[in-house]
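I have placed the structure first, in the form of C-alpha cells, so that the comments after it can refer back to it.
Values quoted throughout were computed directly from the atomic coordinates according to the rules given, and no laboratory measurement underlies them. In this text the structure is predicted, and so the values were computed from the model without any measurement. With ideal geometry, Cβ positions are generated from the backbone for all residues, glycine too; neighbour counts draw on all protein chains shown.
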Amino acid sequence: MKISIKSYTYNNRRRFLLSAAGGLALAGMPLAVLAQGSGKMKIGIVGSGRVGSAIGSAWVKAGHEVMFSSLDLDADKKLAARLGGGAKAGTPREAAAFGTVLVISVPYRALPGVGKDLADLIKGKIVIDTSNPIVARDGDMAVAAREKGAGQASMEFLPGARIVRAFNAIGAARMAEAASKKENIGMPIAGDDKAAIETASALVRDVGYEPVLVGGLVAMGKHLIPGTPLGGERSPDEVRRVAATLK
Ligand SMILES: NC(=O)c1ccc[n+]([C@@H]2O[C@H](COP(=O)([O-])OP(=O)(O)OC[C@H]3O[C@@H](n4cnc5c(N)ncnc54)[C@H](OP(=O)(O)O)[C@@H]3O)[C@@H](O)[C@H]2O)c1
C-alpha cells in the first residue's frame, strides 16, 4: 500500500513537471514580457518538484540561467533538456554554488539536512524559501516549526542565509501559469535583508505575481504557510489589507 501511494505521488509529480514545462512553452511569452527588470540572474534550485520546476521553468523562459537539483539528477537533466535555454541540472551543492540566488523548495523535514549539506555555500546567500512545515507530511518537526514560526525555523535550519519566504501558499499549478494570466495577483513575501527582498521581488514578478512585502522573516514568515489568512490568491491590495490584521 505504501509503495502505491509513493508511486502515485511520484507519477503525479513527474506529470506536473511535464505539464508545467509544456504549459510555459505553449504560452509562448516573449522574454521581454516576462523579464521585468531583474536582469539575467544565475538561480540555483534545490528541490525541483512541483514548485521548484514551475517557478524555475518560468525563470528559464524569462531568460535566467537556472540549475535544477533534487535527489534525482537524471530527472533534473531531462527537465533541463526539455526546457533548453538557460536550464541546467546539477547536484544540490552544485546548484547552491551556481546560484547567486538559491531557491530551497523541499519537504520541510528535509530542510535540516539541506542546511547542513549546504552550510558553507548558503552563508550570506540570498535564499528564497518556499518550504512549509506540514504536519501530515513532515511529522513532529513540523509541529515544532509551526510553534516557533516558519520564518524562525527556516532561519535556524539555514544559518547565515539571507532568507526571503515566498511562493509558500499559492498552488504550484497556478505558479506555472501565472505569467500568462492577466490578473494582478499579490504574492506575500517576508524577509529582513533589503537586497534579498529586492532580488526576490524581481524574481516573483518574473513568475507573474506582484510581490507584497508583508513584514520581517520571524514576525510575518509564520503567516506564509497554507491555511492561514494569507494563504491562497488575492489582489496585492487585499494581501496588504489582510497582512495589516495579523500580528
Ligand atoms: N505543491 C504546492 O502547491 C506548494 C505550494 C507552495 C509551497 N509548497 C511547499 O514547497 C515545498 C516543495 O513543495 P513541492 O510541492 O514542490 O514538493 P515536491 O513536488 O514533493 O518536490 C520536492 C522536491 O524536493 C526534493 N528533495 C527532497 N529532499 C531533498 C533533499 N534532501 N535534497 C535535495 N532535494 C530534495 C525532491 O527530490 P526528489 O523528487 O528527487 O525526491 C523534489 O524535487 C514544500 O515544503 C511545500 O510544502 C508547495
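Would you mind putting 235-241, 97-103, 57-63 in packing order, based on average other-beta-carbon counts within 10 Å, highest first?
Answer by packing, highest mean first, reads 57-63, 97-103, 235-241.
Tell me, how many Å apart are the Cα centres for segment 142-176 and for segment 117-135?
Computed from Cα coordinates, the inter-centre distance equals 8 Å.
Please report how far the C-alpha centroid of segment 181-207 lies from that of segment 86-101, rounded to the nearest whole angstrom.
Using only Cα atoms to place each centre, the spacing works out to 21 Å.
Are any of the pairs 123/148; 77/222; 42/116; 88/181 more than 25 Å apart by Cα-Cα distance, and if so, which?
With Cα atoms farther than 25 Å apart: 77/222; 88/181.
For segment 102-162, what is the Kirkwood hydrodynamic radius in Å, using each pair of distinct C-alpha atoms?
11.4
What residues qualify as long-range amide H neighbours of residue 162, i.e. H under 5 Å apart, gap of 5 or more or another chain, H built at 1.01 Å from N?
124, 125, 126, 127
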